[in-house]
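What follows is a set of notes on a single structure, which appears directly below.
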Amino acid sequence: MCIYTKKELHSSHMLSEIQRTESREQIAEQSMTARRVSALLCRSVLTSSVSLLARGNNTCIGGLCRFGTAAAIEEPINPAISVDYTKLLINGEFVDAASGKTFPALDPRTGNVIAYVAEGDAEDIDRAVSAARKAFDEGAWPKMTAYERSRIMLRFADLLEKHSDEIAALETWDNGKPYEQAAKAEIPIMIRLFRYYAGWTDKIHGLTVPSDGSHHLQTLHEPFGAVGQIIPWNFPLLMYTWKVAPALACGNTIVLKTAEQTPLSALYVSKLFHEAGLPPGVLNVISGFGPTAGAALANHMDVDKLAFTGSTDTGKIILELAARSNLKPVTLELGGKSPFIVCEDADVDNAVELAHFAAFFNQGQCCSAGSRTYVHESVYDEFIEKAKTRAMNRVVGDPFKKGVEQGPQIDSAQFEKILRYIRSGIESGATLECGGERLGTKGYYIKPTVFSNVKDNMLIAKDEIFGPVQSILKFKDLDEVIRRANATPYGLAAGVFTQNIDTANTLMRALRVGTVWINCFDVFDAAIPFGGYKMSGQGREKGVYSLNNYLQVKAVVTPLKNPAWL
Amino acid sequence: MVQSNGNSESFVKIPKIKFTKLFINGEFVDSVSGKTFETIDPRTGEVITRVAEGDKEDVDLAVKAARHAFDFGPWPRLSGFERGKILMKFADLVCEHVEELAAIDTIDAGKLFSAGKAGDIPHAAELLRYYAGGADKVYGKTLKTASQHQAYTLLEPIGVVGHIIPWNFPTGMFFLKVSPALAAGCTMVVKPAEQTPLSALYYAHLAKQAGIPDGVLNVITGYGETAGAAISSHMDIDKVSFTGSTEVGRKVMQAAATSNLKAVSLELGGKSPLLIFDDADIDNAADLALIGILYNKGEICAASSRVLVQEGIYDKLVKKMTEKAKTWVVGDPFDPTVHQGPQVDKTQFDKVLSYIGHGKREGATLLTGGKPCGERGYYIEPTIFANVEDDMLIAKDEIFGPVMSLMKFKTIEEAIKKANNTRYGLAAGIVTKDLNIANTVSRSIRAGTIWINCYLAFDASCPFGGYKMSGFGKDMGMEALEKYLHVKSVVTPIYNSPWL
């Protein structure tokens, strides 16, 4: 997932605003200033991202060219932060695992240990659930006014703002994502989301309902209770936020299991949340592994609701465990193989840049990655050439280094898996345009890889690779590309590139996916719902829609004697 | 009632008044005419300070600034989230100055200082934060059309808004109007009441500090017939929102109709009934009835000015209320032991006393009160009339003072009939433990708010506004945000859609 649109798009947007102003004949100096102020205020995140990621055809920045330099990778920059929280967070306190066991959190730049972290298992999940249960059944959180809940969430957002540099550094260290991406986009968006959901707390309204008979009906929207949440490692804090913010806004309490690859940042920010006034037991954080801690949470008889983001395979297990235990309702945000469709009338340079971004952003570790690039035959050759050039100019290196666009993959398992898929692409006859191998000798860096002449039945066109691999496919007409784009068990997202409003309208309805980005990609506003069709999951996160994941509806019915009206 | 003879200086240091000029385009300026008017301390009738008197020319300047800020400025072009952040800051600034602001409303309006500090001012900040959080939650819809069309709605800010607000809650009314309009992305001209111009000017100053761009929020102090009329008849104001009397509301609407047909919302007078049934808890019912009419000296549009009591409980309740009313402390609103301050000005004071005179002449039984309180200022005793008939003036007109009219009823049907026997329909209260009575009566009363076993229970999320001649359009809740937005439908053909 991500947050950016690209430079060209941004400037064309600005341009159209300016043109609109000109057509009004009145370009008062003040109005232009106001527009600039407005653009700055509105797009501070985008603006910073523009200089960061979407840098088109430039060749060399700060001495880092083409896949970075070996030096940047061999001698990792030491982040100036300490890791203070490594234990489980249960009932407002940091505690060891019941077993006393720990596991290492690794630096993906080197494979070295950052810290040893308490390893939660079933017994710890039990403790956490019972704390969450108590906080819900007897505690202050669901009983305080929504306004008070919102004040605590807003104070938390303020604390995040205050500590955003450390938080971003921790995120980069544990995950390998570019520091500038974490600091300038992800943490600000996290803050923005907490503020957004703080605003929802006191706007959760039920309905009064017309009845057929003489009854007065009303619906109450009530929190579920103790909620279990399992999050992935690709965006540790944003996934934390997508889950935690709406659940808490609705008055639930939480047991959150973080990914074993990235346990650190969630512990750090949850400590801040308690400083902001969150009562103990409302948010419990368990580090640990899926088959142990994750399964215990999904299987728990006293967890009222479960939300999971991760692979489709694990999602199936989660749903099954929920079904077998207490039939807890489940929200799933799973894998994808999202098509990125470049039509014949598309602005090719713009499309190349955004297709590149869609495929490679966050080391390709995005569920919504535009991993199938469908290009119309009339612009196919030009597109391949430019896509290849752009990929070869991608700056890969130590994510703490300024100007770096791509860091290492998360761990050795992912690293090996991606290299296997690349081999499979070559073997199945796709044309390797660039990349295709590791970068350097240490850590999990992979060169940006572009395949052309990819066919629908190849593994690289079917499976979610979750790495920096772009597969480019050719198409002739709209009906064909609709059929091919939909021929996948996934349905998370799609990108559509065209200037033609009829083409845009046709594609946006025909594609069986949860998000369609038209002439943009990976735009993640707090208010935009996100989630999958088909085997990409169920339920929607963000926006007003996410409140539905954490509320249950109670209908209240009472007879009416001699009502004045029905 | 008891009279407190406290000297306010012994309770609170009266703040120095800092802002007395018109606030136009981010600057405090004199009125074009150079004229000023006195604002009076109702505790003493003495002049607090002189304030710039805005008139038509000043309204023109303010509208010009608001128009420019809307058409060219950043405010409506910021994301809802960015506007919300600025409003959050505005709310924080209001909270930082809570003592000073409460004191200003106390000297200007005679309101209880303790209530301002614990209620009016923090609640205003709360309301502001509510809409700050709502600014990025303005959703249009995509529509199911009956033809091959893709259609959706956009909710757009309505433009330049004129707010004309009353003197009874100078702070509360200011934020009731301004908060949702700001969140919606509108720009505005606010005219506070001539009786209470001071806190609005202070809020203009805080708005600027919070980062609200110049021209977005303009404040014109002045009189209704001049500045107010100029707003409601202005050709370049897109919407006027008025709170005040039904008589003036009619003029505002007429002016809107004869000028540019601007959209109007009106929150007007009331003669709200409080219905107490036989099964009610007497103590609780007596408290609700007294608070309902005496809160803010009866200067509240939703006051429970008609208390309808079922015959089985009537005698006991009347006795209880009369006893309680006699312990009510009237005096200097800065004194923390005081329950009730002075009426806002001489005009209101005289009007309330004249209604009391009417009540006596019309044959209602005066149970307690009925006289001015003390020698100085505009204090009036808590007053209860019994045996009031539907056709008496004190049962029909909005008195806007601490005067309760008690009536007796036998059946639920009679209670509903009496309750609805008014041209107003702002609010009503029901006191009963019986679920069926509560359900039936709450649907049968033609009023915009029904309080069951509570009264004056306002909440940021509860829309408030009248039925019948109490007005139209809601303040508070997300409904108020919609009041400052208009809906645009966007339609485009689609071809070969897999579904419709």
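When B:Asp283, B:Asp279 are checked against the criterion of being more than 24 Å from B:Lys483 (Cα to Cα), part of a loop (DSSP other than H, G, I, E, B), of a type outside the set (Val, Ile, Thr) and in contact (Cβ under 8 Å) with a residue 12 or more places away in the chain, B:Asp279 stands alone in meeting it. Of all residues in region A:176-207, those that are over 19 Å from A:Ile410 (Cα atoms) and among the small types (Gly, Ala, Ser) total 4.
Based on what the data block shows, is B:Phe81 surrounded by fewer than 24 Cβ atoms within 10 Å (Cβ to Cβ), within 14 Å of chain A (Cβ to nearest Cβ), touching a helix residue (DSSP H, G or I) at 6+ places or on another chain (Cβ under 6 Å) and not acidic (Asp, Glu)?
In short, no.
Looking only at region B:178-198, which residues are closer than 21 Å to B:Gly249 by Cα and either of a type in the set (A, V, I, L, M, F, W, C) or more than 14 Å from chain A (Cβ to nearest Cβ) (or both)? The answer is B:Val178, B:Ala181, B:Met188, B:Val189, B:Val190, B:Lys191, B:Pro192, B:Ala193, B:Glu194, B:Gln195, B:Thr196, B:Pro197. Pick from A:Leu272, A:Leu334: which is touching a residue at least 40 places away in the same chain (Cβ under 8 Å), within 29 Å of A:Lys177 (Cβ to Cβ) and in contact with a Ser or Thr (Cβ under 7 Å, 6 or more places away or on another chain)? On inspection, the qualifying residue turns out to be A:Leu334.
Pairs linking a residue in region B:410-423 that is within 18 Å of B:Ala303 (Cβ to Cβ) to a residue that is surrounded by 13 or more Cβ atoms within 10 Å (Cβ to Cβ) and of a type in the set (Gly, Ala, Ser), with Cβ atoms under 7 Å and 6 or more positions apart or on different chains, are B:Ala419/B:Ala428.
Residue-level analysis places A:Val556 outside the set of residues that are assigned to a loop (DSSP other than H, G, I, E, B), farther than 24 Å from A:Ala461 by Cβ and β-branched (Val, Ile, Thr). Among the residues of region A:180-200, none qualifies, meaning not one is touching a helix residue (DSSP H, G or I) at 6+ places or on another chain (Cβ under 8 Å), part of a strand (DSSP E or B), more than 14 Å from chain B (Cβ to nearest Cβ) and among the hydrophobic types (A, V, I, L, M, F, W, C). One residue stands out in region B:288-301 among those that are surrounded by fewer than 24 Cβ atoms within 10 Å (Cβ to Cβ) and outside any helix (DSSP H, G or I): the one that is nearest to the chain's Cα centre (by Cα), namely B:Ile300.
Residues of region A:140-162 being in a loop (DSSP other than H, G, I, E, B) and either hydrophobic (A, V, I, L, M, F, W, C) or surrounded by fewer than 16 Cβ atoms within 10 Å (Cβ to Cβ) (or both), which ones? Of everything in region A:140-162, those that are in a loop (DSSP other than H, G, I, E, B) and either hydrophobic (A, V, I, L, M, F, W, C) or surrounded by fewer than 16 Cβ atoms within 10 Å (Cβ to Cβ) (or both) turn out to be A:Ala140, A:Trp141, A:Lys143, A:Met144, A:Thr145. Of all the residues in region A:279-295, those that are assigned to a loop (DSSP other than H, G, I, E, B) and surrounded by 24 or more Cβ atoms within 10 Å (Cβ to Cβ) number 3.
Taking region B:116-140 as the range and being part of a loop (DSSP other than H, G, I, E, B), within 11 Å of chain A (Cβ to nearest Cβ) and not aromatic (Phe, Trp, Tyr) as the test, the residues that pass are B:Ala135, B:Asp136, B:Lys137, B:Val138. Residue count for region A:544-566 under the criterion of being among the β-branched types (Val, Ile, Thr) and away from chain B (no Cβ under 14 Å): the result is 1. For region B:205-236, give me each residue that is part of a loop (DSSP other than H, G, I, E, B) and either in contact (Cβ under 8 Å) with a residue 60 or more places away in the chain or in contact with a strand residue (DSSP E or B) (Cβ under 9 Å, 6 or more places away or on another chain) (or both). Those that are part of a loop (DSSP other than H, G, I, E, B) and either in contact (Cβ under 8 Å) with a residue 60 or more places away in the chain or in contact with a strand residue (DSSP E or B) (Cβ under 9 Å, 6 or more places away or on another chain) (or both): B:Gly211, B:Ile212, B:Pro213, B:Asp214, B:Gly215, B:Val216, B:Ile220, B:Thr221, B:Tyr223, B:His234, B:Asp236. Take B:Ala181 and tell me if it is over 21 Å from B:Asp71 (Cα atoms) and not in a loop (DSSP other than H, G, I, E, B). Considered against the rule, which asks whether it is over 21 Å from B:Asp71 (Cα atoms) and not in a loop (DSSP other than H, G, I, E, B), B:Ala181 comes out as no. Of the residues making up region A:479-503, those that are surrounded by fewer than 20 Cβ atoms within 10 Å (Cβ to Cβ) and either aromatic (Phe, Trp, Tyr) or touching a residue at least 40 places away in the same chain (Cβ under 8 Å) (or both) are A:Arg484, A:Pro489, A:Gln499, A:Asn500.
Would you call B:Val63 crowded, with 23+ Cβ neighbours inside 10 Å, away from chain A (no Cβ under 14 Å) and touching a His at 6+ places or on another chain (Cβ under 8 Å)? Criteria met by B:Val63. Please determine, by comparing only the residues of region B:141-177 that are assigned to a loop (DSSP other than H, G, I, E, B) and modelled with pLDDT of 95 or more, which one is nearest to the other protein chains (Cβ to nearest Cβ). Taking the candidates together, the pick is B:Gly159.
The values are calculated or read from the model by the stated rules, or taken from the named source; none is laboratory data. Nothing here was measured: the structure is a model prediction, and the numbers come from that model. Cβ: placed from backbone, ideal geometry, glycine included. Neighbour counts: every protein chain shown.
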